[in-house]
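The values are calculated or read from the model by the stated rules, or taken from the named source; none is laboratory data. None of these values were measured; they are calculated from a predicted model. Don't worry about glycine lacking a Cβ; one is built from the backbone with ideal geometry, like all the others, and counts go over all protein chains shown. The protein model used for the area step is the full one, side chains on, heavy atoms only, and it has no ligands, DNA or RNA in it. Shrake-Rupley method; radii C 1.70, N 1.55, O 1.52, S 1.80 Å.
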Amino acid sequence: MIADAANGVALALQGEGDPYALSRIVRQGDALALAAIRVLGADALAPYALDHRAGPGGEDDQAVVRQVLTAYPPGVDASDVSVWSYRGLVEASHTFLPGGVDRLPQVPQAGAAWVTEDPWPKLSHRASQLAALALPGLAPGLADELAARTDDLARGFVRAVRRRDWLQAAGLGRWLARLPDVPPSLGLDNGLAFVRRMSEGDARVALHVVAARQFYGRGW
């Protein structure tokens, strides 16, 4: 289900298929489908950031978002990654959905000390899990703090490629595509293309790589 949803988003970002609507790939009330959208987070609404790639979602898409946020809120002991992902979907709803979304649940506070305190391997792991927040305009404060650790994220990208962890590499590469001052020696464009090819059709890897290309012109 997650792969199907990710594939639908990636195709929409590439301009393939019908105009995108979240409600077309999710059956309202389907718990598994709603959980898949919760995992994708803000990426479920990524095609709306490209005006010509999404049709008017209207009330159906707004209803889907409300169901997801209501059904799967982060608990009191939720990780920072879970809370940031939830906040990202709320922010994307307000930013990208036509007319925004009313009556959303309260947005919880998300810890960010890890961005400055984590050693680079742990930072890379967390940042890759939040690659959906690399959409234009989302989480600007988080992006600014990650920019201060661009070299560490680049190290994480290289390490993930060497370990053949294609999903982590794609997520980090997507963040690096958004951030300024990425060292040219990293070879990010070729690296992203390599990651997608080696992932052998992994839908979530493809989504990250396609987003890096469509929104920031990185990759091939």
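For percent of Cα pairs over 32 Å apart, the value calculated from this model appears in (i) 26; (ii) 35; (iii) 13 under label (iii). About the centre of its Cα atoms, the chain shows a dipole size close to 560 debye [charges on the beta carbon of Lys, Arg (+1) and Asp, Glu (-1) only; nearest 20 debye]. Peptide packing for 78-84, 178-184, 89-95 was compared via the average number of neighbouring C-beta atoms within 10 Å per residue; ordered from the highest value, the list is 89-95, 78-84, 178-184. Each Cα pair under 8 Å and six or more residues apart adds its separation to the average, and for the chain the resulting relative contact order is 20 percent. Taken along the Cα-to-beta-carbon direction at a fixed 7 Å, the label points for ASN190 and GLU117 span 4.0 nm. Accessible surface computed residue by residue for segment 100-220, with neighbouring protein chains in place and a 1.4 Å probe, gives 47 Å² per residue. The separation of segment 146-220 from segment 59-125, counted between C-alpha centres, amounts to 22 Å. Using a 1.4 Å probe over the heavy atoms of the protein chains, calculate the carbon and sulfur portion of the accessible area of the chain as a whole percent. Carbon-and-sulfur percentage of accessible area, whole number: 49.
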